[in-house]
Structure formats: C-alpha cells, structure tokens
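The numbers here are math on the coordinates, done by the rules we state, and not lab data. Owing to the predicted nature of the structure, the values given are computational and were not obtained by experimental measurement.
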C-alpha cells in the first residue's frame, strides 16, 4: 500500500464512522426507545432504557473520538474540530447528564427530570447535526 492509498483511507474511515454514528443514533431514537416502551410498558422499559444509556454514550464517545482522529488524519481540520465537540457532548452525556437524569428520576422530581431529559434530546439533535455537517465538510474537501 503506497502513501497515497493510505491517505485516501482516512476520509473513508471518517465517512464510515460518522455515517454509522448518524444511523445508529437515529435507529436508537426512532426504533429502540419507542419499541421498548410500547412492548415492555413504562414500568419495565424505563429501567431498561436507563441501563442502555451509559453504554450508548460510551459507544458513541469511542466512535466519535475515532471519527475525530480519522478527520484529522484526512486533514479535515474544521470537521475534526466539530467532531471533537460532538465527542465532548457524548462525554457530557455519559459522565454528567445521565447520572443527573437517573438521580432526578429516582427522586421522582418530575420537573428536574423533564428539564434534563429535554436537554439530552437537544444535545442529541445537535450531535446529529454536527455529524451531518462534518460529513459534508469532509465530502466537500475531496
């Protein structure tokens, strides 16, 4: 493998990691969560979904971190910066937001829970938008 083909590999890996991230996030929000609540009922689905979120955020923390690295190696610096912010959002979700949501849920403080849940949804939407913008930036570079 020559240097040029290795250089061409980085944007491909960035596309795959970002595209996989977008698809998985949309699948989780549009299919997994609603299906869990419809199939299991709120009593069982709530704990099930709350158990998934730490794993969800850790998975995406790693995936977005790799996407950031691949964008850097593809010399797509602005996309890499954007992806680093998306990665930071997953760290925030994993280490700060999810524990706060779980604490609010366990204390049955509905107003705090709703506020934090809304924040999590907004962060997720912003992250998807960040992924989409990053993939467009990388595509426009090549």
Original post:
If you line up the long axis of helix 3-27 against the longest principal axis of the chain, both from Cα atoms, how many degrees apart are they, to the nearest 10?
Top reply: 20 degrees
Subject >> Helical mean residue ellipticity (222 nm; -39500 (n - 2.57) per DSSP H run of 4+; nearest 500) of the chain >> reply: -30500 deg cm²/dmol
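Once you keep just the Cα pairs under 8 angstrom separated by 6 or more residues, what percentage relative contact order results for the chain?
In percent, rounded to a whole number, it is 32.
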Original post:
Among 14, 79, 100, which one shows the biggest mean-square fluctuation in a GNM of the chain, springs joining Cα atoms closer than 10 Å?
Top reply: 100
**OP:** Enter the Cα centre distance for the pair segment 21-39 and segment 93-109, rounded to the nearest angstrom.
**Re:** 20 Å
Original post:
What angle, in degrees between 0 and 90 and rounded to the nearest 10, separates the Cα long axis of helix 33-73 from the longest principal axis of the Cα atoms of the chain?
Top reply: 20 degrees
**OP:** Rounded to the nearest 10 degrees, what's the angle between the helix 110-141 long axis and the longest principal axis of the chain, both from Cα atoms, 0 to 90?
**Re:** 10 degrees
Original post:
Just from the alpha-carbon atoms, what are the Rg and Dmax of segment 57-134 in angstroms?
Top reply: 14.3, 48
Original post:
Most fluctuating residue of 54, 11, 34 in a GNM of the chain with Cα springs under 10 Å: which is it?
Top reply: 34
